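Heads up, the thing below is written out as structure tokens.
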Amino acid sequence: MRMLVVQELTAENRMKVLAVSDWRVQDINLLYEVLDSRDDIDAIVYAGDDLDRFHDGDTNHLAELGAATTTGNVFAVRGNDDFPSTAAPLFEASNVHDVHDEPYVIDDTAFIGQEGSLENTPGHILYSEDEIETYLAQQFEAVADATQVCLITHTPPFGTLDYAKRFGQRPIGSHAVADTITTYSPTVIVCGHCHLMGGRTAVHSGVPVLNIACHDDLGADARYATIDLSTSDPDITTGTLPDIPKSELLRLIQVGPSRLKHMEEQAIDTLDDITPASRRTLIDLPGSSAWHADRWLAQADAIRTDKPIIYTPENLSPVFDDPVLLFDLETDLDQRQIFLAGFYDTTTDTITQFFKPDDEEELLADLRAFVANYDDPTLIYYGGNNFDETRLEQSLSTHGFESLRSQVTYWDLGIYIQQELFGDFPDYRLGSVATNVSDWTPTSDLDGFLVGLLYTQYKNDGSEPEWDKLKQYNREDLRALNSIIEFITNTI
């Protein structure tokens, strides 16, 4: 580690950084565009991998991007997949700092780093846990007088935003990084490496952790984050580039980029252009029909007035079936094993959950016995893609049970909601619709991905999550679904 570099530069007590990592396929021009559109980015943080993409002929993109910030600086570490020799020329620029090699302080904010990953993963730059622990201790000692410390590590701390599928479904983070965070309490951690967890934030030992890694498949999102270090409690905002407002017309049913282009070619640019006077034009769009045009008219009006409407009430008639059971399944990340199934009896207003994290067959047997207590029930779920029905039937078949289709009627409300219930919804996810049409509000801090992740971790290494929180999440989904059902029945 070289000598600490100290720079007194900022005129204001402000430090806002743009953070990215693992840009293997993402368009580097997007970073230029975001910097061209903003004047509040003080520096760039890059958490490793694919650094050679930023060296294009005679152009050092990191240096040029850094020059577009208010302080002119880039703080980076190499990732495990970076070749030291090919990444080295990037750091020859005076404003591109390898903070693994050289801690850097601007005013009272320090940037320090740990490159590479653990020696039990593939790569070119690998370290043992002991090496990481010793090196990070030296880094923190070097910046002991700094008011704030931004720790940039390619590898996440063990157990926090570090779960990977590529290396065999397991956590791939560093215990040494985790222990260092606990010991020194930096202001914020920026990491990458684990693509699956990119774009998420978490907290380890009271310290915010940002994983901003990108996936490397063709067309993968260009993830980024801004971190405002103006206070001791960093404000982290994540997103994808290009970070431009999407056309409000994309909120309309079956309107994607191609159909949006056709609309714009006919001077239909906003929801205010969706009027009875434009109906003929809408019908004549390629691939469109009166079915589309009439729904767009109704949906645009519902959004403008913020008054949810049901377009074709008879198409939602299954909500009046008797009996009705609402159900929701929780599975592992691969969606192959059910470990929790919840049912909501709309007649008795009761929730019944079947929870068997270690025995799917027993869960299914109990579930079948429960459903058998009802006479030809309608099982309503919110998938949008027939997922719950398909997953349940496949699991039943795998364990040698007969199909439930002769005893129940499945109905995916999520499919019909998008075609028949229109309102000022940001999207048609269960929670978005429920909060708009009722007073339902979520209290769980989990989402479907995290529930699947926590269960998958339990399956693989035995680390038990807080099961009650997973059950709470399942119950909340059932109550959200019921709130939509109640809105439909009360409206019709």
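The figures follow:
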| read-out | value |
| --- | --- |
| Of the criteria (1) crowded, with 19+ Cβ neighbours inside 10 Å; (2) under 27 Å from N29 (Cα atoms); (3) among the β-branched types (V, I, T), which one I125 fails | (2) |
| Subset of region 295-337 [closer than 20 Å to R479 by Cα and assigned to a strand (DSSP E or B)] | V324, L325, L326, F327, D328, L329, E330, T331 |
| Region 40-58 residues that are more than 14 Å from V96 (Cα to Cα) and touching a residue at least 60 places away in the same chain (Cβ under 8 Å), paired with ones that are among the charged types (D, E, K, R) and part of a strand (DSSP E or B) (beta carbon under 9 Å, 6 or more apart) | I41/K16 |
| Residue that is modelled with the lowest pLDDT [pool: residues in region 305-360 that are of a type in the set (V, I, T) and buried (at least 16 other Cβ atoms within 10 Å of the Cβ)] | V319 |
| Region 189-206 - residue that is out of contact with any Ser or Thr (no Cβ under 6 Å at 6 or more places or on another chain) and part of a strand (DSSP E or B) and, of those, surrounded by the fewest Cβ atoms within 10 Å (Cβ to Cβ) | V203 |
| Condition check for T240: surrounded by fewer than 17 Cβ atoms within 10 Å (Cβ to Cβ), among the hydroxyl-bearing types (S, T, Y), at pLDDT below 95 and in contact with a Phe, Trp or Tyr (Cβ under 9 Å, 6 or more places away or on another chain) | yes |
| One residue from E119, E131 being at pLDDT 90 or above, in contact with an Asp or Glu (Cβ under 9 Å, 6 or more places away or on another chain) and of a type outside the set (G, A, S) | E131 |
| Contacts under 6 angstrom Cβ, first residue in region 392-407 being surrounded by 13 or more Cβ atoms within 10 Å (Cβ to Cβ), partner modelled with pLDDT under 95 and not in a helix (DSSP H, G or I), 6 or more apart | none |
| Conditions (1) among the polar types (S, T, N, Q); (2) in contact with a strand residue (DSSP E or B) (Cβ under 9 Å, 6 or more places away or on another chain); (3) over 15 Å from A213 (Cα atoms); number of the one not met by T183 | (2) |
| Residue list for region 45-72, restricted to those being closer than 15 Å to I106 by Cβ and surrounded by 24 or more Cβ atoms within 10 Å (Cβ to Cβ) | V45, G66 |
| Scope region 443-479; condition touching a residue at least 60 places away in the same chain (Cβ under 8 Å), touching a Gly at 6+ places or on another chain (Cβ under 9 Å) and not polar (S, T, N, Q); matching residues | K471, Y473, R475, D477, L478 |
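The values are calculated or read from the model by the stated rules, or taken from the named source; none is laboratory data. None of the values given here were measured: they were computed from a predicted structure. All Cβ positions, glycine included, derive from the backbone under ideal geometry; neighbour counts span all protein chains shown.
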